[in-house]
1. Looking at region 197-214, is at least one residue touching an Asp or Glu at 6+ places or on another chain (Cβ under 9 Å), exposed (fewer than 13 other Cβ atoms within 10 Å of the Cβ) and free of Cβ contacts under 8 Å to residues at least 12 places away in the same chain?
2. Test residue 98 against the criterion of being in a loop (DSSP other than H, G, I, E, B) and modelled with pLDDT of 80 or more, and give yes or no.
3. Just for region 22-37: of the residues that are among the aliphatic types (A, V, I, L, M) and at pLDDT 90 or above, which one is surrounded by the fewest Cβ atoms within 10 Å (Cβ to Cβ)?
4. Keeping to region 171-185, report how many residues are without any contact (Cβ under 8 Å) to a residue 40 or more places away in the chain and either closer than 19 Å to residue 253 by Cβ or not in a helix (DSSP H, G or I) (or both).
5. With respect to residue 133, is the statement that it is touching a Phe, Trp or Tyr at 6+ places or on another chain (Cβ under 7 Å), modelled with pLDDT under 75 and among the β-branched types (Val, Ile, Thr) true?
6. Does residue 164 count as surrounded by fewer than 14 Cβ atoms within 10 Å (Cβ to Cβ), among the small types (Gly, Ala, Ser), under 30 Å from residue 83 (Cβ atoms) and modelled with pLDDT under 85?
Amino acid sequence: MLSSTNLAICAEPPTSQPAMLRFETFELDLRSYELRKDGLRIRLQIKPAKLLAMLALRRGELVTRDEIEKALWKDEFVEFEHGINTAISKIRVAIEDDREHPRVIETLPKQGYRFLADVGMIYRNGLKTPVEVHSPESDPPRTDTTTPIKVAEEKPQEFVLPVSKPVARGLFLFIEFGYLAMYLAALVQINVVLAVFNMIPVPPLDGGNVLSGLLRGQAAELFNNLRPYGMLILYGLLLTGVLWRIVTPVEIAIFRALGLTS
């Protein structure tokens, strides 16, 4: 006889929800959403654990991505596609499953997921034909009848805004465009700095070649005699800070001409 607090598998499942799901060597508590393997707890966040339970309860069925979004994400503003992919990845790590050769969760591209492993549903109380969870041939029956302690749910690490989804998506796109504008501005600034630096009239920079072509006679000859020392001159300008005193004013003037600064 099982005591009133023992868990059992029911040959004719009652209408109530199961208290625990068992597949392979794993157990998933549907009250605290704790995942265990051979009795040892495996770290898994609440959202991935709920997704695992949803798939296991519909074993063999295609669970679409739209169904998952409506069931688990609802009106929360998150990047759903990234969120579900991350959750599935965390589940696979926890249960040691392989995406390419799945034994538990099969991915159907652009459709959803299917739970492949056999699932045992464990109920509590009010059973017509209870059978003990552990058979004598495989594992000794449990003697611990202590009611499991519920663990407080961990809050999912997701960014949620108290606004409607269309407004939130608009804000998200606005932020993305803002970052893109910042990157483009930085790219323009870097190219302007390099262009100004390259036009400094010191060989072997382009500015030195331009000046060499403009000079005539003895001035051109004297300037060309400096070419072997061009890199030393540049190092000297850089170390003394004179280089930036030359580049910065020209850079600011170019930005003002382009209307990129006040």
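1. Yes, region 197-214 has at least one match.
2. Yes; evaluated as a whole, the condition is true for this residue.
3. So, considering only residues that are among the aliphatic types (A, V, I, L, M) and at pLDDT 90 or above, the one surrounded by the fewest Cβ atoms within 10 Å (Cβ to Cβ) is 35.
4. Adding up the residues that qualify gives 0.
5. No, not satisfied.
6. yes
Condition check ((1) in contact with a helix residue (DSSP H, G or I) (Cβ under 7 Å, 6 or more places away or on another chain); (2) modelled with pLDDT of 90 or more) across all residues:
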{"residue": "39", "(1), (2)": "no, no"}
{"residue": "49", "(1), (2)": "no, yes"}
{"residue": "54", "(1), (2)": "yes, yes"}
{"residue": "61", "(1), (2)": "no, yes"}
{"residue": "64", "(1), (2)": "no, yes"}
{"residue": "72", "(1), (2)": "yes, no"}
{"residue": "76", "(1), (2)": "no, no"}
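Table: residues versus (1) more than 17 Å from residue 119 (Cβ to Cβ); (2) touching a residue at least 40 places away in the same chain (Cβ under 8 Å); (3) part of a strand (DSSP E or B).
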site	(1), (2), (3)
18	no, yes, no
21	no, yes, yes
28	no, no, yes
32	yes, yes, no
41	yes, no, yes
47	yes, yes, no
51	no, yes, no
56	no, yes, no
70	yes, no, no
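The values are calculated or read from the model by the stated rules, or taken from the named source; none is laboratory data. None of these values were measured; they are calculated from a predicted model. Quick reminder, even Gly has a Cβ in these numbers, built from the backbone with ideal geometry, and neighbours come from all protein chains shown.
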